[in-house]
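Taking it in order: structure first as structure tokens, then the write-up.
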Amino acid sequence: MECLTILFDHLSQIEYFCSWQIINYSVIMTEESEFCLEEAKEGMQNTLVHLEKEFQKIRAGKASPQMLDGVKVDYYGSMTAIDKVANIGSPDPRQIIVQPWEKSMLAPIEKAIMAANLGFNPQNNGEVLRIQVPPLTEERRKGLVKQAKTEAENTKVSIRSIRRNAMETAKKLKKDGVPEDEIAKLEEEIQKATDGYIERVDKSFDAKEKDIMTV
């Protein structure tokens, strides 16, 4: 009985030592793997942020300053974001007011809005630009949903491209001597991140579609 107790104690010590060694080894080797994973996650997050910005440009019928996001104005030879040269407000759901910091910028801003092909026809009263946002027709709403769908699909393509690059990096790490079990875990986490961001894209699109189609 005493021999069995000694044996079990000895096995427990071996198990503890092995576990400690595995954990220690993993900590040493996971720095490169974690960098690969975090880089992939950052790239995927950036694509999602870009998608949200593109969605903001797709108007859903209600006037908002975000509708002019992306409009660039020729400010003394430098193409500048419209919100850097003017105050933009929306006093009601059907109107956007653009008030330049400098009165001389009224014409360049008006020209920039027209060139952006947003479907707006600014009214210049010499002080501010007034943009009337007409209600959307059913056909126009469906067209905007299609546009949003395209943006969402492009984002998914970008996410899968990031996944592919991360998997290639994982293969290189394996060749460099990183243990197979760690590579397997890395690939699992990369896939998990990919699935998570694809799901977030779908949810974002669903919300945008509902926003567009709500009269």
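The values are calculated or read from the model by the stated rules, or taken from the named source; none is laboratory data. Note that the structure is predicted; figures quoted are calculated from it, not measured. Virtual Cβ from ideal backbone geometry, glycine too; neighbours counted across all protein chains shown. With ligands, DNA and RNA removed, areas are computed over all heavy atoms of the protein, side chains included. Shrake-Rupley method; radii C 1.70, N 1.55, O 1.52, S 1.80 Å.
Points worth noting:
- At full extension, W101 and D181 could sit 22.8 nm farther apart than now, given 0.36 nm per residue minus the alpha carbon distance.
- Sorted from greatest to least, the principal axis extents spanned by the alpha carbons of segment 165-204 come out as 40, 17, 5 Å.
- Listed residues F205, F35, F120, most fluctuating in the chain (Gaussian network, C-alpha, under 10 Å): F35
- Computing Rg and the Kirkwood Rh from the Cα coordinates of segment 108-154 gives a ratio, Rg/Rh, of 1.11.
- Reachable lysines, given that their alpha-carbon falls under 27 Å from the alpha-carbon of K149 and they are not under 8 places away in the same chain: K41, K53, K57, K62, K72, K192, K203, K208, K210
- Gaussian network model of the chain, springs between alpha carbon atoms under 10 Å - residue of P91, P100, P122 with greatest fluctuation: P91
- Site-free segments of the chain were taken between GluC sites (Glu not before Pro) in DSSP loops having at most 13 other Cβ atoms within 10 Å, sites themselves excluded; the longest one is 1-101.
- Residue-normalised accessible area of the chain, expressed per residue, 1.4 Å probe, Å²: 64
- Considering only G43, G143, G126, the mean-square fluctuation computed in a Gaussian network model of the chain, springs between alpha carbons under 10 angstrom, is largest for G126.
- Stokes-Einstein D in µm²/s, Kirkwood radius over Cα pairs - the chain at 4 °C with 1.567 mPa s viscosity: 60
- Where labels lie 7 Å past Cα in the beta-carbon direction, separation of K210 and V157 in nm: 2.8
- Stokes-Einstein D (µm²/s) once Rh is taken as the Kirkwood radius of segment 55-109 over alpha-carbon pairs, at 20 °C in 1.002 mPa s: 183
- Taking a point 7 Å out from the Cα of D202 in the direction of its Cβ, none of the residues of segment 118-159 has a backbone N less than 11 Å from it.
- Across all directions, the average flat footprint of the convex hull enclosing the Cα atoms of segment 51-171 is 9.4 nm².
- Kyte-Doolittle mean at least -0.5, axial Cα span of 20 Å or more - DSSP H helices of the chain: 2-57
- Principal axis extents of the C-alpha atoms in segment 124-215 (largest first, rounded to whole Å): 69, 32, 14.
- Cα shape, segment 25-96, gyration tensor, a/c 1.5 rule: prolate
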